[in-house]
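The values are calculated or read from the model by the stated rules, or taken from the named source; none is laboratory data. All of these numbers come straight from a predicted model, not from anything done at the bench. Note that each Cβ is placed from the backbone with ideal geometry, even for glycine, and that neighbours are counted across all protein chains shown. To get the accessible areas, we keep the full protein, side chains included, count just its heavy atoms, and leave off ligands, DNA and RNA. Shrake-Rupley method; radii C 1.70, N 1.55, O 1.52, S 1.80 Å.
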Amino acid sequence: LLLFISTLSFVKAQDNVPDLLSIPGPIEYDGTEYFLTWSKPMSKTLFRQQYLPADEKIEDFVQLLDFSFFNKEIEMELAVRQKVEGIQQRAKSDKFAKVNVIESPDGKEYIVDYFISESPEKGDSFIEYNVYRFKSYENGTDKSFLILAHAKRMYGDLKSSAKSLARQRDHLITTMIEFKIPEIKVATKN
């Protein structure tokens, strides 16, 4: 789980990406089609897949979807707390880093949304707004856990980009809450 605490932005895309989670694509999210661009079994129990719009690359994406699926039981409150603490730690060196948590009325899901910024030595500075949806599954005796994340970036002037993304926050959170998560099944090797 600690591996997941890192941001989404350091993963490289690959060709001929295997669909480890049996999710039919492309995925329609907030009026945009997202295509599988990267997948990796991170461990025996964690499988990750990332999706980008057709015209984007991981190096300078504007929007990204990330499915992190654990085929084991994960304590949701602990996962949420680790994510929040990671962003709070980052806030010590990133003045734009801010994090919020929303619990669903039934207590079965959490939304963690946050801002971070980067000013790399090479390339453009950016603000990134992330919405993470934490969801547990129970299928008989099998328990699993999903973290679905949507990242949106704006490049250039950090202050104006942060304001622009802040104005989109309510819409982006609502979109994540209302998104119908496709059925997920870890693909078995032949």
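Can you pick out the pairs among Lys72/Lys159; Lys152/Lys185; Lys95/Lys180; Lys83/Lys122; Lys95/Lys135; Lys143/Lys163 whose Cα atoms lie more than 31 Å from each other?
Check vs 31 Å cut-off fails for Lys72/Lys159; Lys95/Lys180; Lys143/Lys163.
Which cross-chain or sequence-distant (5 or more) residues have an amide H under 5 Å from the amide H of Tyr34, H modelled 1.01 Å from N in plane?
Ile27, Glu28, Tyr29
For the pair Gln89/Asp30, report the inter-label distance in nm, with labels modelled 7 Å from Cα in the Cβ direction.
Placing both labels 7 Å beyond Cα along the Cβ direction yields 2.7 nm.
Which ³J(HN,Hα) values in Hz, rounded to whole numbers, follow from the phi angles of the range 61-71 under the Karplus curve 6.51 cos²θ - 1.76 cosθ + 1.60, where θ = phi - 60° and Gly and Pro get x?
5, 9, 9, 8, 10, 10, 10, 10, 10, 9, 8
Taking +1 at the Cβ of each Lys and Arg and -1 at the Cβ of each Asp and Glu, which of Gln88, Ser68, Ile58 sits farthest along the dipole of the range 55-96 towards its positive end, judged by Cα position relative to the Cα centre?
Highest projection toward the positive end goes to Gln88.
Over the Cα atoms, compute the radius of gyration (one decimal) and Dmax (the largest Cα-Cα distance, rounded to a whole number) for the range 81-137, in Å.
Rg, Dmax (Cα atoms, Å): 13.5, 45.
Which percent of Cα pairs goes in each bin when the distances of the range 118-190 are cut into 10 angstrom slices starting at zero?
For the range 118-190, the pair-distance distribution reads 16, 34, 25, 18, 7, 0.
Tell me the angle of helix 158-178 to the major Cα principal axis of the chain, expressed in degrees between 0 and 90 and rounded to the nearest ten.
Orientation of helix 158-178: about 20 degrees from the principal axis.
Using 0.36 nm per residue, how much length does the chain from Gln82 to Ile102 gain when fully extended, once their Cα-Cα distance is taken away?
Here the segment from Gln82 to Ile102 would lengthen by 5.7 nm.
Quick one: dipole size for the chain, taken about the Cα centre, charges +1 on Lys/Arg Cβ and -1 on Asp/Glu Cβ, in debye to the nearest 20. Could you put the intermediate results ahead of the total?
Values: 26 positive and 29 negative charges, 98 e Å.
Computed charge dipole of the chain: roughly 480 debye.
So what's the range 17-61 giving for Cα Rg divided by 2.2 N^0.38 Å, two decimals?
1.20
How much area per residue is accessible in the range 48-190 when the probe is 1.4 Å and only protein heavy atoms are counted (Å²)?
55
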